[in-house]
1. Equivalent ellipsoid semi-axes for region B:115-226, as square roots of 5 times the alpha carbon gyration tensor eigenvalues: give them largest first, rounded to whole Å.
2. Taking each residue in C:270-279, count the Cβ atoms of any other chain within 10 Å of its Cβ, then average. What number comes out?
3. Just to be sure I understand: if I project the alpha-carbon convex hull of region C:98-176 onto a plane and average over all orientations, what area do I get in nm²?
4. Would you mind checking the radius of gyration and Dmax of region C:1-116 based on alpha-carbon positions, in Å?
5. For chain C, what percent of Cα pairs sit more than 33 Å apart?
6. Would you list, by chain and number, the lysines whose Cα falls below 25 Å from the Cα of A:K171, excluding same-chain residues fewer than 8 positions away?
7. How do the peptides C:217-223, A:184-190 rank, highest first, by the average count of neighbouring beta carbon atoms within 10 Å per residue?
8. In terms of solvent-accessible area of protein heavy atoms at a 1.4 angstrom probe, what is the ranking of A:W296, A:W254, highest value first?
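The values are calculated or read from the model by the stated rules, or taken from the named source; none is laboratory data. Keep in mind that this is a model prediction, so the values were computed, not measured. No Cβ is skipped: glycine too gets one built from the backbone with ideal geometry, and neighbour counts run over all protein chains shown. Surface areas here come from the heavy atoms of the whole protein model, side chains and all, with no ligands, DNA or RNA. Shrake-Rupley method; radii C 1.70, N 1.55, O 1.52, S 1.80 Å.
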Amino acid sequence: MTQSSNKILLGIGIFAILLALPILADMFGQPALTSLATRVLIYGIAAASLNFILGFGGMVSFGHAAFFGIGGYVVGILYHHYASGEPIFGLIPGTNQLLITLPAAILVSGIFAAIIGALSLRTSGVQFIMITLAFAQMLFFLFVSLKAYGGDDGLIIRRTNELPGLNMRDKQTIYYVCLVIAALFFALLYRLVNSPFGYVIAGLRQSEQRMAAVGLHAYRYKLVAFVISGMGAGLAGALMANFMRFASPDMLHWTKSGELMVMVILGGVGTVFGPLIGAASFIVLETVLASWTEYWQLGLGFVLLFVVLYTQGGIQALLKHAFGGRS
Amino acid sequence: MSTPILEVDHLHKRFGGLTATDDVCLTVEDGEIHALIGPNGAGKTTLISQLFGELVHDEGTILLEGRAIDALPTPERVARGLARTFQITCLLPDYTALQNVWIACQIRRGHSFRFFANVHGQKDLQAEAYEFLDRVGLADRAGELVANIAHGERKQLELAIALAMRPRLLLLDEPMAGLGHVESQQMVELLHSLKGQFAMLLVEHDMEAVFALADRISVLVYGRIIATGSADEIRSNPEVRSAYLGEGDELC
Amino acid sequence: MTLFLEQVLNGLQFGVMLFLMAAGLTLIFGIMGIINLAHGAIYMIGAYAGTYVAMETGVYYAGIPAALAAAALTGAAMEFLVVRRLYKRDHLDQVLATFALILISNQVITLIFGRQPLFVAMPEALSGSVELLPGVFYPSYRLAIIAVGLLVALGLYLIINRTRIGMLVRAGSTNRDMVRALGVDIRMLYTVVFGLGALLAGLAGYMAGPILAVQVGMGEQILITTFVVVVIGGVGSIRGAFFASIIIGVFDTMLRAYLPGLLRQVMVGPEADALGAGLSSMGIYLLMALVLLVRPKGLFPAHS
């Protein structure tokens, strides 16, 4: 009983810190911290979405950056058409309203996830990993080839999307918007994981044969999980495009997929909040290492190798171990 | 003459040059326990896998309650009332015994596309799952992770999960495998108490159990059924005796 | 017409390079059950080692043993230090550990050689063209690559189908556990398979040098294309890898050669080119999607 009330206290504590962060950052003369934290929140959403199918569902998707990038481009393309006044395909008008672009990003990435998932989930294991990677790379090439939307150079979004009543040019406001969305997202994710659907997905990871033997059609459930996961990544991508005021094919590059997986494993596969810790760890690590040397990826490689080979359960498990045994 | 619950007609399965299932014909009547015995390597588990849909047969028909199920994948066959236990237990290792049964109940009830209900609040499902555990004698191990329960208990859990599906026909693949004498007797008693509630196709090596439980026995050797009949008929069948000579299994 | 023949040959040449990569990769997947992202890194290291030696000595052919040796050494080091610990791990761990190896290799190469691409000259004897048909000329070097590739394919075919080791390889890709249960020294088999894959990758990397630039990141690009080949061909199947490589090599080359031209009929110049390039790049993936719809296990799956 005290275990879970400890956890709740910890959660409230962390949330309080997150709430106060921009103010604290200003106080200590580190306004860049707010930007860092915003990126952590956004990547946390993306990594947690991936973790749902990867950590809980056992589906190793190496192409999740595709949905991240699609979310970003939905925002970018809608803004582009808003700025130019011409509707997309002559039909759909552009917009700069966050309340429209976010759901649009979620919807579009969901559709792509449905198509890619429908094909990829016909396979499993090593094949599945390669196929998801290949499809993501295909979309990368697609966006590189769209000169109208920046091509290789990416698409600049002059102004962050608007939210009625808020000044979205203020970095702190953006941070709080992301914080609120992240809080909602994680609350929903928590419910999902503990729902009958979540139960089934976790069951599929443990033994597909057993699940078939109790009458479950694995494919449908995995596909729905894949789509949900894609939508989450799309949401994160849309937020990122707003934050960076930029969408580029790099968001879909396979190395971005790799980064998301690194965040998942750093934080602890198969836990709800682990990916948030993983995102934080990764971004902090990246920032610190990059300030020492331009060859920071070398350091990242070694850290990753160490974590994979010598720790079970990433940082969350290490912390648990350090602060008081297994639950 | 009522339709047998299971009818297998001229089933064939080949793996390259090896014929694993050779023209197998078999019926199981409603409510009966039909045992399938045979030396190691005879193809008993292969047959079970084909009946359950995990392996696709090359020739022949499988009829469940008179309807062909050949084209149906495993989950469909389960929906039609088929269930199985596994010789090498196939359980969800990260879940508790209770959760393993619970998920079977949940799936049977068709609840699984619900995204926001809290699984822990579903007390009626939990109670139902608990009942099945109790039925097989595992009530006191309900909260244990599968990784922590003993082999014999895992076999019992397999049975509990199968019961939770309320099958019409249960395929039991060596439920006694790896059990000690006392545990085997308990399992026999358990199966005996379930007799008549549904039909069973029981694959077993333990002859004591087979003779105690079976209404009819079929003998499978090199993928082929060489005899079917009552316990006495099988015991006195010369072909069966010679098939078992040197196997170390006693018939009497 | 001559352009068409030239493009077909280019496609064949690309296909043969893909085969060198795909053969090793598909065996490693099929027999060892390992997904090794660092296979592309070995390709890159072979290219760099061979090119360096060729540049220092001025002799192209000196680069070949260097490339093979570097690839073999790298492969051995990888296997011993990292891959060995991954046999029993799940796919996620394998992906991430080998991804880490890519990061490390790329940075080490950058440290040693810098970020500028290296260029190696073709050997004198092969720098001209051969007249295949009256009036039809084709670069000798590319023909040489095709020849080497086909020879390797023949060699692999003979090894796999005519030797004892080959029999073990075939058995291992259909049923890994069975081979282990039969008491075969699986470690030796793994070492042979991994080593062979590394050698082929190193050779491919060095041969590619004069045609493509030798630069960091070259491995990843061809790796992903190799994945497509393996998926289409069927995991664990060398035969599948061969046919899929050729199909993809030719398909990709033809698409890149002719699609921009087709698009320019309906669109303006630079936009058509960019779209043409992009759609051509997407072509093989769409092909893969098509194959998956019809045959989820690939064209020639090794497992029954």
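1. On the way: eigenvalues 174, 53, 33 Å².
Working from the Cα gyration tensor, I get semi-axes of 29, 16, 13 Å.
2. For peptide C:270-279, the averaged partner shielding equals 4.
3. Computing the convex hull of the Cα atoms and averaging its projections yields 10.0 nm².
4. Over region C:1-116's Cα set, Rg and Dmax evaluate to 16.7, 53 Å.
5. Numbers: 11445 of 46056 pairs.
Tail fraction, whole percent: 25.
6. The reachable lysines, counting only those whose Cα sits under 25 Å from A:K171, are A:K256.
7. My ranking of the peptides, most packed first, is C:217-223, A:184-190.
8. Result of the area sort, largest leading: A:W296, A:W254.
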